[in-house]
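Chemist: After the structure tokens below, expect a handful of questions from me.
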């Protein structure tokens, strides 16, 4: 995928395009866009509709996704998803936790975005992707980080039932952004904008995630 740079605002689009062939979590609702009514039918406008899982493409997980008592999307503080962010390259790591991140300077970082691969075919759900250790939450809390973003579809493995990384992050006040696209983004400091939709009662939400180049 080619990263789209919106030159006039120095914005880098790090979202996965929502297409009818996008790869989805095994067994989840496929994404589909179609016209419910055409301009010919209405005499004035085209009207589209979408069917999707809220975890398709680039999205945030609300704590309610894995915790019955956790915050739902409409209860989240939107300030979490806007502000300074650091992109760090951990490509090649099968798992990421304290051991893998201690070598990076993360002082003063509030939002950490991890590049774990050189890109993938977005029409296919990946057979393998980087997941996170149970010690990730306490480590990020020590650093003052409150948002973790990954270019993988989840912070836990596909077959996980305990969701250890999700709980570790949530227990330490760290929110989750998944399926961002960082294959063409250089490590460094940016401003992140990745606002969730205000979906009442939802466990997650698609986002349009962009980075603003600093300087």
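Read-outs: derived from the displayed coordinates by stated rules, not from any lab. As the structure is a computational prediction, the values presented were derived from the model and not from experiment. Neighbour counts run over all protein chains shown; Cβ positions are idealised from the backbone, glycine included.
Chemist: At 0.36 nm per residue, and after removing the present C-alpha to C-alpha distance, how many nm does the segment from residue 134 to residue 78 gain when stretched out fully?
Modeler: Extra length from residue 134 to residue 78 when fully extended: 17.6 nm.
Chemist: A follow-up question, please. Would you give the gap between the C-alpha center of region 82-134 and the C-alpha center of region 135-214, rounded to a whole Å?
Modeler: Between the Cα centre of region 82-134 and that of region 135-214, the gap is 9 Å.
Chemist: Among 47, 22, rank each residue by its count of other Cβ atoms within 10 Å, from fewest to most, as a rough exposure measure.
Modeler: Ascending Cβ contact count within 10 Å gives the list 47, 22.
Chemist: With a/c under 1.5 counting as rounded, go ahead and sort region 104-182 into rounded, prolate or oblate using the C-alpha gyration tensor (a ≥ b ≥ c being the square roots of the eigenvalues; past the cut-off, prolate if a/b is larger than b/c, else oblate). Could you put the intermediate results ahead of the total?
Modeler: On the way: a/c = 2.46, a/b = 1.39, b/c = 1.78.
It is oblate, given that a/c is not under 1.5 and a/b is not larger than b/c.
Chemist: Over the chain, what relative contact order in percent results from Cα pairs under 8 Å that are six or more residues apart?
Modeler: 30 percent
Chemist: Would you mind ranking 105, 171, 203 so that the residue whose beta carbon has the fewest other beta carbons within 10 Å leads the list?
Modeler: By the 10 Å Cβ count, ascending, the order reads 105, 171, 203.
Chemist: So if each residue of separation counts as 0.36 nm, and I subtract the Cα-Cα distance between residue 142 and residue 37, what length gain in nm does that give?
Modeler: Using 0.36 nm per residue and subtracting the Cα-Cα distance, I get 32.5 nm.
Chemist: Can you tell me how region 58-130 classifies by the Cα gyration tensor, rounded, prolate or oblate, using a/c under 1.5 as the rounded cut?
Modeler: oblate
Chemist: Using the Cα atoms of the chain, I'd like the radius of gyration and the largest Cα-Cα distance, Dmax, both in angstrom.
Modeler: Taking only Cα atoms of the chain, I get Rg and Dmax of 17.5, 61 Å.
Chemist: Another question, then. Calculate the spin-label point distance for residue 89 paired with residue 103, positioning each point 7 Å from the Cα along the beta-carbon direction, and give it in nanometres.
Modeler: Placing both labels 7 Å beyond Cα along the Cβ direction yields 1.3 nm.
Chemist: Which FRET efficiency, nearest 0.05, do residue 118 and residue 198 yield, Cβ-Cβ r, R0 35 Å? Numbers along the way, then the final one.
Modeler: Numbers: r = 34 Å, r/R0 = 0.99.
The calculated FRET efficiency here is 0.50.
Chemist: For the residue pair residue 171 and residue 68, what label-to-label distance in nm results when each label sits 7 Å from Cα along the Cα-to-beta-carbon direction?
Modeler: 1.9 nm
Chemist: How much mean residue ellipticity at 222 nm does the chain get from its helices, if each DSSP H run of length 4 or more adds -39500 (n - 2.57) and you divide by all residues, to the nearest 500 deg cm²/dmol?
Modeler: Details: 4 runs with 24 residues, N = 215.
Computed mean residue ellipticity for the chain: -2500 deg cm²/dmol.
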